[in-house]
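S.K.: Handing you this structure, nothing more for now.
Just so you know, all these numbers are worked out from the coordinates, no wet-lab data involved. Worth saying up front: this structure is predicted, and the values here are computed from it rather than measured. In this analysis, Cβ positions are derived from the backbone assuming ideal geometry, glycine residues included, and neighbour counts consider all displayed protein chains.
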Ligand code: G3I
């Protein structure tokens with residue numbers, strides 16, 4: 001297929017990203033990646049359990065190889081992720097009581113583990129990344145009192161060990177490293193999913209607003225949290241008006257917004273009907289139309305996977321290329337939303 005590169009279509013708007021792994025960095029997959037995308041996120045290679053499975057033992061070799069190859073192929077790299085409740089080794093924030101039960105680690109030790117991980121990793125990769133997901137998925141699904149963001153925090157191990165300020169502490173630790181390197185240009189992001197849910201997006205809004213307002217008391221005009229990442233794991237019946245309203249609320253915080261993990265699940269069980277494929281394409285088109293209208297405040301739109309066959313939700317065919325790497329209606333929705341709609 002002689003397809004228009006997506007990154008060319010959006011070159012004046014925002015970066016167009018995809019997920020990378022060592023397996024993607026060769027042959028036809030690499031060609032497809034390079035043709036359409038100019039930014040990359042490691043699917044797993046930069047998560048806490050990949051980089052510091054054992055306390056004090058940092059394993060950077062695989063991630064370094066992946067990043068160096070990605071940069072050499074001309075894509076920019078986003079860092080994912082420093083603090084998360086999944087794919088993080090238990091020693092970071094839990095311990096065992098005398099009876100062998102898992103309990104939260106003491107605050108000081110957990111804080112020390114949090115800061116050491118963040119500072120070591122941010123320092124190590126340095127200016128090779130353009131941005132970091134500093135904290136990932138800290139807010140509950142559908143919080144009942146979004147005005148109280150602290151009550152909306154997920155009961156994650158980091159929260160249980162440190163308390164509600166772990167989010168702010170994480171950003172402060174990353175910011176400290178960046179302050180030592182004024183020549184680096186790296187944005188610090190808060191990243192989460194289901195932000196089309198208005199309760200969840202309000203809680204995130206309130207959290208980012210309060211943390212940045214506190215920071216500005218001593219750092220006038222500066223941001224602690226530079227960006228909000230809307231993951232965007234949508235469904236074919238997701239309402240784009242909700243995505244738009246959340247996007248606009250984050251933009252009103254004065255931060256950059258990125259769409260960090262876009263895919264659109266269909267109800268299919270591997271077999272995607274023509275009708276469903278068209279409906280999926282229509283939602284991709286509607287979303288990219290909204291993103292383009294807000295391009296001045298959007299840094300990057302990243303699609304979470306190259307093809308349906310290797311997606312984390314392969315059975316729902318959520319991506320723009322099928323398992324044979326052929327363009328789906330979704331691809332056409334992305335490159336020309338107006339024409340598609
Ligand atoms: O590497 C092993 C392989 O050796 C083994 O044979 C295989 C058997 O299952 O597992 C492989 O590891 C898997 C890894 O992906 C690499 O493919 C893990 O089991 C699997 O859990 C892991 O899934 C990742 C998932 O995060 C874990 O939470 C997905 O690739 C990754 O796309 C997904 O990404 C997350 C974002 O980080 C945060 N937002 C949600 C998003 C989707 O879940």
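S.K.: Take residue 135 and tell me if it is within 16 Å of the ligand (Cβ to nearest atom), buried (at least 23 other Cβ atoms within 10 Å of the Cβ) and closer than 20 Å to residue 228 by Cα.
M.R.: Spelling it out, residue 135 is indeed within 16 Å of the ligand (Cβ to nearest atom), buried (at least 23 other Cβ atoms within 10 Å of the Cβ) and closer than 20 Å to residue 228 by Cα.
S.K.: Further, regarding this structure: With a cut-off of at least 2 residues that are on the phi < 0 side of the Ramachandran plot and exposed (fewer than 14 other Cβ atoms within 10 Å of the Cβ), name the helices (runs of 4 or more DSSP H) lying wholly within the stretch 1-90.
M.R.: Counting at least 2 such residues, we get 27-36, 61-72.
S.K.: Can you say whether residue 23 is away from the ligand (no atom under 16 Å from the Cβ) and out of contact with any strand residue (DSSP E or B) (no Cβ under 9 Å at 6 or more places or on another chain), as far as the supplied structure shows?
M.R.: For residue 23, the condition - away from the ligand (no atom under 16 Å from the Cβ) and out of contact with any strand residue (DSSP E or B) (no Cβ under 9 Å at 6 or more places or on another chain) - is not met.
S.K.: Another question, if that's okay. Return a yes/no flag: does the stretch 101-109 have any residue that is in a helix (DSSP H, G or I) and surrounded by 22 or more Cβ atoms within 10 Å (Cβ to Cβ).
M.R.: Checked the stretch 101-109: no residue is in a helix (DSSP H, G or I) and surrounded by 22 or more Cβ atoms within 10 Å (Cβ to Cβ).
S.K.: Also: Hand me the list of helices (runs of 4 or more DSSP H) wholly inside the stretch 118-219 holding 2 or more residues that are closer than 24 Å to residue 104 by Cα.
M.R.: In the stretch 118-219, the matching helices (runs of 4 or more DSSP H) lie at 157-162, 166-179.
S.K.: Return only the number of the condition from (1) without any contact (Cβ under 8 Å) to a residue 60 or more places away in the chain; (2) within 20 Å of the chain's Cα centre (by Cα); (3) closer than 19 Å to residue 291 by Cα; (4) not in a helix (DSSP H, G or I) that residue 264 does not satisfy.
M.R.: Among (1) without any contact (Cβ under 8 Å) to a residue 60 or more places away in the chain; (2) within 20 Å of the chain's Cα centre (by Cα); (3) closer than 19 Å to residue 291 by Cα; (4) not in a helix (DSSP H, G or I), the lone unmet condition for residue 264 is (1).
S.K.: Now a separate question. Checking residue 275 against (1) more than 18 Å from the chain's Cα centre (by Cα); (2) assigned to a helix (DSSP H, G or I); (3) in contact (Cβ under 8 Å) with a residue 40 or more places away in the chain; (4) more than 16 Å from the ligand (Cβ to nearest atom), only one condition comes out false. Which one?
M.R.: (3)
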